[in-house]
1. Counting only residues that are of a type in the set (K, R) and in contact (Cβ under 8 Å) with a residue 24 or more places away in the chain, which one in the stretch 449-487 is farthest from A514 (Cα to Cα)?
2. Which is in the same structural domain as E297 (by the TED database), open to solvent by 70 Å² or more (accessible area, probe 1.4 Å) and in contact (Cβ under 8 Å) with a residue 24 or more places away in the chain, of R123, R137, R157, R202?
3. K484 passes all but one of (1) closer than 23 Å to D413 by Cα; (2) modelled with pLDDT of 95 or more; which number fails?
4. Right, T239: touching a residue at least 24 places away in the same chain (Cβ under 8 Å) and either assigned by the TED database to the domain that holds A407 or farther than 25 Å from P115 by Cα (or both) or not?
5. Evaluate the stretch 391-414: report whether one residue or more is over 30 Å from T347 (Cα atoms) and in the same structural domain as V521 (by the TED database).
6. Yes or no: A421 in the same structural domain as M500 (by the TED database), exposed (fewer than 14 other Cβ atoms within 10 Å of the Cβ) and within 23 Å of S211 (Cβ to Cβ)?
7. Being touching a residue at least 40 places away in the same chain (Cβ under 8 Å) and acidic (D, E) is the filter here; which residues of the stretch 496-530 pass it?
8. Return yes when D293 is touching a strand residue (DSSP E or B) at 6+ places or on another chain (Cβ under 8 Å) and either without any contact (Cβ under 8 Å) to a residue 12 or more places away in the chain or surrounded by fewer than 24 Cβ atoms within 10 Å (Cβ to Cβ) (or both) and no when it is not.
Amino acid sequence: MERKHMSALSIYQSLSGGTKPQVQANAAPAKKIKQKENGIQPNKKSNKKKRMKPLKSSMRLSSSDEEKSKAVSDCETHNGEGFDGPALDVLLTDLEKVNNSRERANRLFQWLIHPVQDKSFFRRETNWEKKPILIQRQNPDYYKGLFSTAEFDCILRNNDVQYGVNLDVTSYTNGKRETHNPPGRALPYTLWDFYESGCSLRMLNPQAFSSTVWQVLSILQEKFGSMAGANVYLTPARTQGFAPHYDDIEAFILQLEGKKHWRVYNPRSEDEVLPLVSSPNFSQDEIGQPIMDVVLEAGDLLYFPRGFIHQDDCLPDTHSLHLTVSSFQRNSWGDLLLKLMPAALETAMEEDVEFRKGLPLDYLQFMGVQNSEKEDPRRDKFIACVEGLMKKLVDYAPVDAAVDQKAKDFLHDCLPPVLSAEEKASSVYGAPARWGDGEALGVTVQLKGQTQIRLLGAGAARLCGDGDTVTLFYTTENSRVYHKEEPKSIEMKAEHIDAMEFLIHSYPKFVSVACLPCETVEAKMSLAELLFEKGLIHTAEPLTAE
């Protein structure tokens, strides 16, 4: 397909199949499920009993000293002592001066995992999704300013923190995990009494209350291309709040205060490597020997992939406060194919008669579970036909349209961007409109042809095709509370599509309104004004009232 011979509208229509059935992001009505791990919507646990295929090589359970030694060697420990890096508040201030949101994400993530190098970390054959990594820094102030017990207390006093929605009270005693949430608002008087009684406190979405956590997560989500969520865990000395379990997210444990004893275990079988859903609670005799047994101190970081069983408990002499940053829930190839295959099949049935031919009249007599043990040549022929159709199906797969469906989900999951002072001053959020002297003032700000504009961030907006329409999805009006708002989008006019694509691809450069590839000056101005009013762009210089 030669890009220069087609308009952007034609390309989006061709990618999404014109008026043909589109990929459905949600085939069934959405059900309201309580938020769980790190502010990310939990997936339902399957009741289906799974086959337990043993793990190969170093991934099997450590039942002997030799196996345990081999398993431990598959973990990585890094000494970050002596790193003379910036404090978090200094780093975040410096990042505001970085001209590119993707570069901001790279730098923040590199600070998070130092001394491990970014490129090394994401080598899937060695680290990412493969094995735990421990970073010990001997620097208790490394995460200073991110979150604290004092801030926890302040949030309780000044915000409507609801049990079961924003906060859980838990305990794990004698192998039994319990949740002790009363109804209503979590007030300090009651909550600190729970804590003094030995209960752990888990804040489910600290980004809704902490501007620093919000800023960190909003930057990191561009690094992962997937929602970044967080939980805060406050645990009293001598206690354990949760049973051994595994999660369906990539977990980064940031020890903020005190110390905590962690044990991490390999997945029990191949079926539990990179799982789709979180596990139930396990008993000790179900999980074997740990591959990592370590005490995290303030400033340390522990990473482990989804599927790795873990449990933690507090030492006798100190409390623990840690923050878990999570990402990559339901972000696998299989999740993409779940969106891709139904659309591919509908297109194939419309365009290829082989998919519309009738099944054999007698297929129920030799196919199905009750016939699966039969020796019947008709079965071989039937399965060969299915295999042939499956191979042909790839020719009808609208891959880009399915990726756009994943992208739409991601933009809905995203936190809104945290704007720097410069971005705020040069966007609609800093426009001079105000009330004064008995009238509305500063409302005559106008964009001009020479005005330099760009998107607020690389991940702030995305064009997606849907049949005959092209829609711009964006994050700037999202809530800090997961999915509190419906997805935000604008249906694009045909005259604006090329210009919108140009603006997206120009980032991080500023471009003049006059340079937008629209056929008329009016179209250029109307697009720029729309994007400015929606808070999607900012100008190179703050606008002033006429």
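The values are calculated or read from the model by the stated rules, or taken from the named source; none is laboratory data. Computed from a predicted structure; not experimentally measured. Glycine gets a Cβ as well: all are built from the backbone with ideal geometry, and neighbour counts include every protein chain shown. With ligands, DNA and RNA removed, areas are computed over all heavy atoms of the protein, side chains included. Shrake-Rupley method; radii C 1.70, N 1.55, O 1.52, S 1.80 Å.
1. Taking the stretch 449-487 as the starting set, the residues that turn out to be of a type in the set (K, R) are 454, 462, 480, 484.
If we keep only those that are in contact (Cβ under 8 Å) with a residue 24 or more places away in the chain as well, we get 454, 462, 480.
On the way: R454: 13, R462: 22, R480: 35 Å.
Here the answer is R480.
2. Numbers: R123 fails: in contact (Cβ under 8 Å) with a residue 24 or more places away in the chain; R137 fails: open to solvent by 70 Å² or more (accessible area, probe 1.4 Å); R202 fails: open to solvent by 70 Å² or more (accessible area, probe 1.4 Å).
So the residue among R123, R137, R157, R202 that is in the same structural domain as E297 (by the TED database), open to solvent by 70 Å² or more (accessible area, probe 1.4 Å) and in contact (Cβ under 8 Å) with a residue 24 or more places away in the chain is R157.
3. Unmet condition: (2).
4. Values: touching a residue at least 24 places away in the same chain (Cβ under 8 Å): yes; either assigned by the TED database to the domain that holds A407 or farther than 25 Å from P115 by Cα (or both): yes.
Yes, satisfied.
5. Filtering the stretch 391-414 down to residues over 30 Å from T347 (Cα atoms) leaves 414.
If we keep only those that are in the same structural domain as V521 (by the TED database) too, we end up with 414.
Within the stretch 391-414, one or more residues are over 30 Å from T347 (Cα atoms) and in the same structural domain as V521 (by the TED database).
6. Numbers: in the same structural domain as M500 (by the TED database): yes; exposed (fewer than 14 other Cβ atoms within 10 Å of the Cβ): yes; within 23 Å of S211 (Cβ to Cβ): yes.
The answer is yes for A421.
7. D498, E501, E529
8. On the way: touching a strand residue (DSSP E or B) at 6+ places or on another chain (Cβ under 8 Å): yes; either without any contact (Cβ under 8 Å) to a residue 12 or more places away in the chain or surrounded by fewer than 24 Cβ atoms within 10 Å (Cβ to Cβ) (or both): yes.
For D293, the condition - touching a strand residue (DSSP E or B) at 6+ places or on another chain (Cβ under 8 Å) and either without any contact (Cβ under 8 Å) to a residue 12 or more places away in the chain or surrounded by fewer than 24 Cβ atoms within 10 Å (Cβ to Cβ) (or both) - is met.
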